[in-house]
1. How many residues does the range 111-131 contain that are open to solvent by 20 Å² or more (accessible area, probe 1.4 Å) and touching a residue at least 40 places away in the same chain (Cβ under 8 Å)?
2. Of the residues in the range 1-54, how many are modelled with pLDDT of 95 or more and within 26 Å of R125 (Cα to Cα)?
3. Would you be able to say whether some residue in the range 192-207 is part of a loop (DSSP other than H, G, I, E, B) and among the basic types (K, R)?
4. Can you work out which of the residues in the range 29-45 that are surrounded by fewer than 21 Cβ atoms within 10 Å (Cβ to Cβ) and touching a residue at least 12 places away in the same chain (Cβ under 8 Å) is nearest to the chain's Cα centre (by Cα)?
5. Can you name the residue in the range 147-183 that is charged (D, E, K, R) and open to solvent by 50 Å² or more (accessible area, probe 1.4 Å) and is also farthest from Q76 (Cα to Cα) among such residues?
6. Please determine, by comparing only the residues of the range 230-253 that are modelled with pLDDT under 95 and surrounded by 22 or more Cβ atoms within 10 Å (Cβ to Cβ), which one is nearest to S77 (Cα to Cα).
7. State yes or no: is A186 among the small types (G, A, S) and surrounded by fewer than 23 Cβ atoms within 10 Å (Cβ to Cβ)?
8. So the check is Cβ under 6 Å with 6+ separation or different chains; which pairs have a first residue in the range 132-161 that's closer than 20 Å to L113 by Cα and a second one that's modelled with pLDDT of 95 or more and among the polar types (S, T, N, Q)?
Amino acid sequence: MASALDKTKPAPVEVQTLTRARLEAPAGACDCHMHIFDPAFPPRGDTPYPPPVARVPDYVRAIRDRLGLSRAVVIQSVTHGADNSNLLAALAAFDGDARGVAVIEPDIDDEALQRLTDAGVRGIRFEMNNGILSLDALEGIAARIAPYGWHIDLQIDGRKLPGLVDRLLALPSPVILDHYGKFIDALEVDHPAVQAVLRLLESGQGWVKLTAPYAGRHKRPAPWPELVPIAKAYLDAAPRRVVWGSEWPQSMLPVLNEPIPDHASLLDLLLDYTTDEAVLAAILRDNPAELYDFPEVGR
C-alpha cells in the first residue's frame, strides 16, 4: 500500500463487493463530484498523495453505467494544482455530458476564463487542504467569475463555517459546500456549524453536496447515521439546493489504508434521507442541471 510520502506509485483503486443500487436514478441524473486521473497528465511536483489511474472509460464502467447516471461533474484534484489540462481532456472525452470545476491562479486573465467556460467549466474550487487558493482570494475570485455564471466550490472544515457564513452570503457568486459541510465531529442539527449551512441554503445563495460521508470521520463505520438528521434538515430547508456525488475514485482512502465503499451504497444513502420521488429527482437531475448549466432533459 502506497504511503502518503510515496509519490512514485499510483494509489490502487480498491472497492468492496459490488451490489445493485436500490435507488433507480432518473433520466438525466448527475454525479456532481468525481475525479479523473489520467496518467497522461502527471501530478504536480508537490502532490500531497499519489493519484490512482482513473480514466474516463474506467469511470463510465464503474459508476455511470452501473448506477444508471447520465452526467458528471469533474472536480479538479489538488494533485494537479492549477494545471487544468487533465480536467479539460476529461471534459472533451465526455463529449458534452460533463461539466468541470477548475482551480485557477488569482491573476488568471479573462481570455483564459472564457476558454474554460467554453470547455464546460462552471465553478472554481477552494480546497483548504493542499489547495492553491486561500480564503484571502475569496472575494476577488468571486468577482472575477460572477460574469461567467460560475460558482465557488468550497471544501473546508465545517466547524469554521459560523465565522465564514456572512462572507459567503455577501459574495456575488453562488457557493456550494463539499461533503455535507465536512463536519469533522458528529454534530447535532442545532450546532452553529450546521445552522450556518442552513442559512446558506435558505438564502438561495448556497448549495451543499451529499458526498463523501466519511470525510473527516474516516474511522466511523457506514452508514454514518449522524448525518441522517443533518441531510434531512437540508432537504427540509431547501430541497432545490442539494446535490449528490460519488467522489469516485476515493483517491485519499487508500492513502489512509481504508477500503473504498461500494458506490451503489453511497447512492442508496439518499433513501435514508427521503423517499419522495420528486425530491430524489431534484437532487439527482434538476438541481445539477441548474447549478452546472446542463440542458433540460425529458422527465
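1. Final tally of qualifying residues: 5.
2. 16
3. To start, the set of residues in the range 192-207 that are part of a loop (DSSP other than H, G, I, E, B) comprises 204-205.
Subset that is among the basic types (K, R): none.
Within the range 192-207, not a single residue is part of a loop (DSSP other than H, G, I, E, B) and among the basic types (K, R).
4. Restricting attention to the range 29-45, the residues satisfying the condition of being surrounded by fewer than 21 Cβ atoms within 10 Å (Cβ to Cβ) are 38-42, 44-45.
Then drop every residue that is not touching a residue at least 12 places away in the same chain (Cβ under 8 Å), which leaves 38-41, 44.
Working: D38: 18, P39: 21, A40: 23, F41: 21, R44: 21 Å.
Filtering first and then ranking leaves D38.
5. Taking the range 147-183 first, the residues charged (D, E, K, R) are 153, 157, 159-160, 166-167, 178, 182.
Adding the requirement that they be open to solvent by 50 Å² or more (accessible area, probe 1.4 Å) leaves 159-160, 166-167.
On the way: R159: 24, K160: 23, D166: 26, R167: 24 Å.
So, considering only residues that are charged (D, E, K, R) and open to solvent by 50 Å² or more (accessible area, probe 1.4 Å), the one farthest from Q76 (Cα to Cα) is D166.
6. Step by step, filter the range 230-253, then rank; the result is S251.
7. Here the answer is yes, as A186 does meet what is asked.
8. The qualifying pairs are A142/S173; I145/S173; A146/S173; Y148/T117; H151/S173; I152/S173.
The values are calculated or read from the model by the stated rules, or taken from the named source; none is laboratory data. For clarity, every value in this text was computed on a predicted model and none was experimentally measured. As a convention, Cβ positions derive from the backbone with ideal geometry for all residues, glycine included, and neighbour counts pool all protein chains shown. With ligands, DNA and RNA removed, areas are computed over all heavy atoms of the protein, side chains included. Shrake-Rupley method; radii C 1.70, N 1.55, O 1.52, S 1.80 Å.
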